[in-house]
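Some notes on the structure that comes next.
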Amino acid sequence: MSRRSFFRAATLAAACGLLSPLAALAQAFPAKPIKLIIAFPAGGPTDITMRQLADNASKILGQPVIVDNKPGAGGTLPAQALQTSQPDGYTVAQIPLGVFRLGYTTKINWDPLKDISYVLNVTGYAFGIVVPADSPFKTWADFVAYAKANPGKLTYGSTGNLTSPHLTTEIVAQKAGIQLQHVPYKGSADLMLAVLSGQLMAAADSTGFAPQVEAGKLRVLNTWGEKRLAKFPDAPTLKELGYDIVQNSPFGIGAPKGTPPEVVKKLHDAFKQAMEEPSYVASLGRYDMLPNYMSSATYTKFAQDTVLREKAVIDKLGLAKDK
């Protein structure tokens, strides 16, 4: 059924006193494929794990969930795309943590809290800093020593300006008393190519670097979780290195503002079931990621709290936009 035909039928049902248009929309949802916009390119850990989640959700919803990659702008393009999408549940988007910083760093005409319907949180990244296997930096102490002796000459890449890897590395650099040269990329796949080819001396990334480390091509200098990662038990955490920092950057799925609550609930229920499937848990496990479920209400509260917390980070680094 086309959108026009559906809404005509919904309006007729409402006029006959059978259903309100929104109730009719929710009852029929989904009647066609759903688009899931993600923030990073094909081939990286986000793409691989979200495609598995989408495939699982497709079977539950009875309609295809089609992944649309929109990399760039620090992972915020999917959230921006929601601002011009119909609030009918047929366009949803990944919401990386960078979305909650956007109002402090960029002049935008929409509000990340008021203009997104938060569906659920699904997981969070595991992060670390890696160098080529033949790098002279055998430990984090080597990295810091070189950076102190060569201010601004040690190059590292991340998955974009104002992403969690970028900002966390800059905070660590501040605490360590070093100055680094940052190079942004659109996603993990491009970033890994750059560090493996010698264009960069290091990379701060989610554990999309895992296959390259396991192949002996990269070395992990540190990781950013509360505990050491199972795949890299020899790599110390930032806390073990003396920095009181834990970063796992939860992310989930949002819909346009005004999406009917009944439709949000159907999306929530389907994606929650999809993230509980062993295939999704296994895809996360490839990158030391874990399911991290938050309900619609809990995820909305998380967004509110995170916006306040991220302001302190942006202020500390002096990255707030000009008034």
Which of the following residues is crowded, with 21+ Cβ neighbours inside 10 Å and not assigned by the TED database to the domain that holds W140: T207, T259? T259
Output for Cβ contacts, cut-off 7 Å, separation at least six or different chains, first residue within 15 Å of S249 (Cα to Cα) and of a type in the set (S, T, N, Q) in region 300-323, second open to solvent by less than 50 Å² (accessible area, probe 1.4 Å) and part of a helix (DSSP H, G or I), reads T306/L97; T306/F100
Kindly indicate whether L218 is outside the structural domain of G75 (by the TED database), modelled with pLDDT of 95 or more, surrounded by 14 or more Cβ atoms within 10 Å (Cβ to Cβ) and under 19 Å from T163 (Cα atoms). no
Of the residues L267, L284, L241, which single one is among the aliphatic types (A, V, I, L, M), within 20 Å of S188 (Cα to Cα) and not assigned by the TED database to the domain that holds A189? L284
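Out of T163, T155, T169, which single residue is of a type outside the set (D, E, K, R) and either farther than 22 Å from G75 by Cα or touching a residue at least 60 places away in the same chain (Cβ under 8 Å) (or both)? Don't jump to the end; show me each part of the working.
Details: T155 fails: either farther than 22 Å from G75 by Cα or touching a residue at least 60 places away in the same chain (Cβ under 8 Å) (or both); T169 fails: either farther than 22 Å from G75 by Cα or touching a residue at least 60 places away in the same chain (Cβ under 8 Å) (or both).
Residue meeting the stated conditions: T163.
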Can you tell me which residue is modelled with the lowest pLDDT among those in region 275-297 that are open to solvent by 70 Å² or more (accessible area, probe 1.4 Å) and in contact with a strand residue (DSSP E or B) (Cβ under 9 Å, 6 or more places away or on another chain)? L290
Please identify the pairs in which a residue from region 209-230 that is β-branched (V, I, T) has its Cβ atom under 8 Å from the Cβ atom of a residue that is open to solvent by 30 Å² or more (accessible area, probe 1.4 Å) and modelled with pLDDT under 95, counting only partners at least 6 apart or on another chain. V213/K231
For region 89-128 the number of residues that are over 22 Å from I245 (Cα atoms) and aromatic (F, W, Y) is 3
What about K272, is it at negative phi, modelled with pLDDT of 95 or more, of a type in the set (K, R) and touching an Asp or Glu at 6+ places or on another chain (Cβ under 6 Å)? no
Given (1) open to solvent by 10 Å² or more (accessible area, probe 1.4 Å); (2) closer than 25 Å to W224 by Cα, index of the condition I253 fails: (1)
Run R101 past the list (1) open to solvent by less than 50 Å² (accessible area, probe 1.4 Å); (2) more than 29 Å from A282 (Cβ to Cβ); (3) at pLDDT 95 or above; (4) not β-branched (V, I, T) and report the number of the one that doesn't hold. (3)
Residue in region 172-191 that is nearest to T237 (Cα to Cα), counting only those that are under 21 Å from the mean Cα position of the chain (by Cα) and open to solvent by less than 10 Å² (accessible area, probe 1.4 Å): V172
Can you pull out the residues in region 42-53 that are open to solvent by less than 60 Å² (accessible area, probe 1.4 Å) and either without any contact (Cβ under 8 Å) to a residue 40 or more places away in the chain or under 12 Å from the mean Cα position of the chain (by Cα) (or both)? G44, P45, T46, D47, T49, M50
Conditions (1) within 19 Å of F143 (Cα to Cα); (2) crowded, with 17+ Cβ neighbours inside 10 Å; (3) over 19 Å from the mean Cα position of the chain (by Cα); number of the one not met by Q212: (1)
Any idea which residue in region 66-87 is modelled with the lowest pLDDT, counting only those that are under 18 Å from P184 (Cα atoms) and open to solvent by less than 30 Å² (accessible area, probe 1.4 Å)? G74
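Please pick out the residue among N56, N150, N121 that is of a type in the set (S, T, N, Q) and open to solvent by 30 Å² or more (accessible area, probe 1.4 Å). Please lay out each step first, then the result.
Numbers: N56 fails: open to solvent by 30 Å² or more (accessible area, probe 1.4 Å); N121 fails: open to solvent by 30 Å² or more (accessible area, probe 1.4 Å).
Residue meeting the stated conditions: N150.
The values are calculated or read from the model by the stated rules, or taken from the named source; none is laboratory data. These numbers were taken from a predicted model, which means no experiment stands behind them. So basically every Cβ, Gly included, is an ideal-geometry build from the backbone, and we count neighbours across all protein chains shown. Areas reflect the complete protein model, heavy atoms only, side chains present, ligands, DNA and RNA absent. Shrake-Rupley method; radii C 1.70, N 1.55, O 1.52, S 1.80 Å.
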